[in-house]
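Data block below; observations after.
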Amino acid sequence: MQQFQLMSALSAYFAEKYPSFPKETVIAPERTPAGMAGDLTVNCFRFAKLCGGNPMAVAAEAAAVLAGHADVEAAEAVKAFVNVTMTPEAVHRASLGNTARLFELGKFPEAERRRILIEYSAPNTNKPQHLGHVRNNTLGMSLASLMKRIGHTVFEINLVNDRGIHICKSMIAYQRYGEGETPESTGIKGDHLVGLYYVKFNAVLSDEIKALKAARPELAAQDSEELFLETELGRATQKMLQDWEAGDAGVRALWRKMNDWVFAGFDATYRTMGIHFNHTYLESETYLLGKDIISSGLESGVFTRRSDGAVIASLGKLGDKVVLRSDGTSVYITQDIGTTLLKQQDYQPQSMIWVVGDEQNLHFQMLFAIMKKLGYDWADDLFHLSYGMVNLPTGKMKSREGTVVDADELFAEMTELATEGCRERAGEEVSPEELARRGAIIGMGALKFMLLKFNARTTMMFDPAASVRFEGDTGPYVQYACARISSIERKARERGVDFDAAHVDWALLGKEEEKDLSMLAAFYPAALRTAAERRDVSNLVEYALDLAKAFNRFYRECPVLNAETSGLAAARLAMCAAVREVLTDVLKTLTIEVPDAM
RNA sequence: GGCCCGGUAGCUCAGAGGAUAGAGCAGCUGCCUUCUAAGCAGUUGGUCGUGGGUUCGAUUCCCGCCCGGGCUACCA
């Protein structure tokens, strides 16, 4: 579906005149840069060779053709660009005058819609989630949301790491120092309580290593990892892991109890973020998967046995990867091969995406290479959405040094500050419950928006002081534009101003701010498609800001309720409603809610 | 050492062959008896790390170098 009729006309003209210009060619217009006259710009560099001419000549020809179109007021060729000034009616017809069509243009055609599985979050059950997880969660949920918005069928999957030596660390610390504490008895959220024992473990271990080094000076140069099994605590932890694997009833019971606390805590964190997974896989149930694939791959020659007995995959430039230890036990990638197959069986996705930090880039390159080697036809559509670390002005976040920004505390702080802001603005008649509701929407919106503004691959800087400011390029800026529109609509109802959608005279909206606003809205489908193709929503964040900015300019220059005529008031009111629809749709795609008032 | 990612305004980040390199913050000037000032308008600020190359055209692509980060386990 071609959005602008004048562009179809131009394509048809070139196709008619030049045999070398394919009929189905879509000439995608660009926005005219600020400061230049025009609404749309045609960049003739992009297709001039299809017309067999030089770009300047093609531009001159295009300008002449476009100038004769009914939707065009002026078309001027500048070098290889044609700047087109459209009639207000044509601008709005392609955009805010028909939001249903605009939204439909933002979807992939049926034939391009697919089943996509997105795995994200993947926390460990030994500590609460921190800002790094929040970035992961936000990227994952917004990517899933975008893919749904564009028309795909999406499965959101979590894979919780609920077993292993690190889980035993908090267990053994609790066993020794917990004195029967529970979330109920302490009033501490389950994941935070378990996290305290993880911290306790590391403190005790550190003391023991210090003592060990004092007693045996020859160990002074060794790091704590190497000395782990030299400590009593380390050996006890190792023993607990072995007992867990052997199915020891006592260890399993403790494990289940503490994991249940953590899961309850994670549920609350996810609820606050608005996350719902289709399914959560547990590593305790999947960690033995993959071994059967290794054996059959060994028989078919995909894998080979090394002289020391280990089974390896030879991956060319990536090198050799051990997929089974010489003692026959699994490594991490063995289990990942297994869970990839399990997810494929369970959901038959045509594409799978993993949202995982960039330190695992090589791991995923190897995993994907192995899946291809195994010959699965879906192995070409596996993607690692790799994202960078979150740093603080004080440096890197480190759990052990207590410099992590806790997710739940961050949510609470953002929400509290936003609620306070609402309270200052609101009248007496607004209830505390309503203020808290708005505060949560604004606070969480600000946080998600900030995290999504960065390209995923960038190692981002999180400045706590900057994050709690709700001015400038922020989520609340966009939400505020919506709130202003809602306010106008409330006042319109009070004053009995209304519009009949079928009889709005869009041609009345010819001021620069009105055309700019609609023109920008016209590019929403393109923004959605770009984001989906790149699997990156950061351009949508920029888009939302641009549109909100264009609205605020309109708001300043074009009075709605006090417009010169009732017809103009009705048209502007219709435009406001349409802008609110688009802004709400963008924010919703970014998993951000919109408050009625701020 | 090898591989990957980054280096753009004082700070945090956009831009990924095309017209004059953008935004927010910070700084400076204005605007609240008029639909919410979490707003608007204006302004200061750049050899796009560096040296070559390809191109009509390079901040964008290619090569070298410098700086920062990550990875380079029979850990997860």
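The values are calculated or read from the model by the stated rules, or taken from the named source; none is laboratory data. As the structure is a computational prediction, the values presented were derived from the model and not from experiment. A quick note on method: Cβ atoms are made from the backbone with ideal geometry, for glycine too, and the neighbour counts reach across all protein chains shown. For the accessible areas, the whole protein counts, side chains as well, though only heavy atoms, and no ligand, DNA or RNA atoms are used. Shrake-Rupley method; radii C 1.70, N 1.55, O 1.52, S 1.80 Å.
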inquiry  = With the cut-off at 29 Å, tell me which of the pairs A:Lys49/A:Lys515; A:Lys491/A:Lys511; A:Lys79/A:Lys515; A:Lys200/A:Lys453; A:Lys127/A:Lys239; A:Lys23/A:Lys79 have Cα atoms farther apart than that.
reply    = A:Lys49/A:Lys515; A:Lys200/A:Lys453
key: A:Trp378 accessible area, 1.4 Å probe, all protein chains in place, Å² to nearest 10   = 30 Å²
inquiry  = Would any residue of region A:155-183 have its amide N under 20 Å from a label point 7 Å out along Cα→Cβ of A:Asp248? List them or say none.
reply    = A:162-181
inquiry  = Please compute the modelled spin-label separation between A:Lys239 and A:Glu110, points set 7 Å along Cα→Cβ, answer in nm with one decimal.
reply    = 6.6 nm
key: Helix-only mean residue ellipticity at 222 nm for chain A, each DSSP H run of n ≥ 4 adding -39500 (n - 2.57), per residue, nearest 500   = -17000 deg cm²/dmol
message = Run the simple label-point estimate for A:Ile165 and A:Ala220 please: 7 Å along Cα→C-beta, distance reported in nm.
response = 2.6 nm
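Taking 0.36 nm per residue of separation and subtracting the Cα-Cα distance, what length does fully extending A:Glu184 through A:Met36 add? Walk me through the numbers before you get to the answer.
On the way: separation 148, 0.36 × 148 = 53.28 nm, distance 6.50 nm.
That pair, A:Glu184 and A:Met36, stretches by 46.8 nm at full extension.
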query = Sorted by mean Cβ packing within 10 Å, highest first, what order do the peptides A:527-540, A:282-295, A:428-441 take?
reply = A:527-540, A:282-295, A:428-441
inquiry  = What distance in nm lies between label points placed 7 Å from Cα along the C-beta direction at A:Ser314 and A:Asp546?
reply    = 5.1 nm
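Applying 1/(1 + (r/R0)^6) with R0 = 35 Å to the Cβ-Cβ distance of A:Lys257 and A:Glu471, what FRET efficiency is obtained, to the nearest 0.05?
Once the sixth-power term is evaluated, E becomes 0.15.
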query = Mind checking the dipole of region A:1-151: about its Cα centre, +1 per Lys or Arg Cβ, -1 per Asp or Glu Cβ, Debye to the nearest 20?
reply = 800 debye
task = Using a 1.4 angstrom probe, figure out how much accessible area chain A has per residue, in square angstrom, rounded to the nearest whole.
result = 46 Å²
note = Projecting the Cα atoms of A:Leu573, A:Pro123, A:Phe499 onto the charge dipole of chain A, where Lys and Arg contribute +1 and Asp and Glu -1 at Cβ, the residue farthest towards the positive end is A:Pro123
inquiry  = Rounded to the nearest 20 debye, what is the charge dipole size of chain A about its Cα centre when +1 sits on each Lys and Arg Cβ and -1 on each Asp and Glu Cβ?
reply    = 920 debye
Label zone at A:Asn361 (point 7 Å along Cα-to-Cβ), backbone N below 19 Å, region A:451-466 = A:454-461
inquiry  = At 1.4 Å probe size, with the rest of the protein present, what percent of the exposed accessible area of chain A is carbon and sulfur atoms?
reply    = 51 percent
